[in-house]
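Scroll down for the structure; my scribbles are underneath it.
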Amino acid sequence: MAEGLARFQAGFAGALREGTHEPAGLRALPRTPGTAKRFDVYRNNVHASLIDALAAAFPVVERLVGRDFFRAAARVHLEEGFPRRGTLIGYGEGFPDFLERFPPAQGLAYLGDVARLELLWLEAYHAAEAEPVAPSSFAAHGAALTTMKPVLHPSFRLFSSRFPVAEIWRTNREDEEVRPVKSNGRRDTLMLVRPGADVFIHGLRPEQFVFLKALRDGASLGEAALHLPAAAIRDLPAMLAGFAARGVFAASDGTTFNRRNGEDG
């Protein structure tokens, strides 16, 4: 019985995706609409719900291209696959790549990166809660600071783009009237963090981005500082305090740091 149910569920899901036939095994009561017609209605409702979910996840992309264009693109995207998880949170992970190769969107080279920023915003928004550490936490460690690893906030994310995507994102998400954004060859290096209820997007200098990326990848403060210019290394405690003030670092089990050997410090 279990094997037969699994086959039916696989066929049902395949018919929803492909839209070319009804699944085998459906039955309708006498004098009621046929199974093919009823399944078409169900399939259309599922597709509409998934398109609505994409629109909720990518409001900036929808505003950039318009509702009709967005929904047409989303419907084509559904042909590449349905959600792989039992929740719609995070659905659309393949949408930025799809937009970059979607022929009607080729004139908007930045669209894929705007969509990636929206996904990261959602990840930060739904990340676990954690108490940010106080900016003063770094002042008392002296030379020992370089051997330690600060704990990054669960919502912390990094993103870089060859386009000014943060400004594009802000004006399309927050402004009643969209402001024109000039690229002028600007690149964005950004971090996202949600120390409280709201997600914040902060611009970073390139060396700060590389420093934080090294910390994210497991480097100690001393190892990450090798990516900084000499003046920034001398001012490392102040820079760390500035990051802490923005909620980049979090306490873990009541501690601020992990030592290099992995033991709590």
Task: Å³ per residue enclosed by the Cα convex hull of segment 127-265 - done: 117
Open item on the list: Going by amide H atoms built from the backbone, whose H comes under 5 Å of the H on Met148, apart from near neighbours?
Closed with: Leu221, Gly222
Task: Length-normalised contact order of segment 48-135 in % [C-alpha pairs under 8 Å, at least 6 apart] - done: 31
- [ ] Arrange the following residues from fewest to most other Cβ atoms within 10 Å of their Cβ: His77, His202.
- [x] His202, His77
- [ ] Hey, can you grab everything whose amide H is under 5 Å from the amide H of Phe249? Only 5+ residues off in sequence or another chain; H modelled, so Pro and N-termini drop out.
- [x] Val133, His153
- [ ] May I ask you to derive the FRET efficiency for Arg101 and Ala128 from their Cβ-Cβ distance with R0 = 22 Å, giving the value to the nearest 0.05?
- [x] 0.05
TODO: Pop out the ³J(HN,Hα) list for segment 163-174 in order, Karplus 6.51 cos²θ - 1.76 cosθ + 1.60 with θ = phi - 60°, rounded to Hz; leave Gly and Pro as x.
DONE: 10, x, 5, 5, 5, 4, 4, 5, 5, 7, 9, 10
Task: Karplus (6.51, -1.76, 1.60) ³J(HN,Hα), θ = phi - 60°, over segment 97-106, in Hz, Gly and Pro reported as x - done: 5, 4, 4, 5, 10, 6, x, x, 9, 5
Task: Potential extension, Glu80-Ser49 segment - 0.36 nm per residue separation minus Cα distance - done: 9.5 nm
TODO: Place the peptides 177-186, 146-155 in order of packing, highest mean first, counting for every residue the other Cβ atoms within 10 Å and averaging per peptide.
DONE: 146-155, 177-186
Open item on the list: Between Arg162 and Arg67, what is 0.36 nm times their sequence separation minus the Cα-Cα distance? Round to one decimal in nm.
Closed with: 31.6 nm
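Every number in this text was worked out from the coordinates using simple rules, so none of it is lab data. What you see is a predicted model; the values in this text were computed from it and never measured. Quick reminder, even Gly has a Cβ in these numbers, built from the backbone with ideal geometry, and neighbours come from all protein chains shown.
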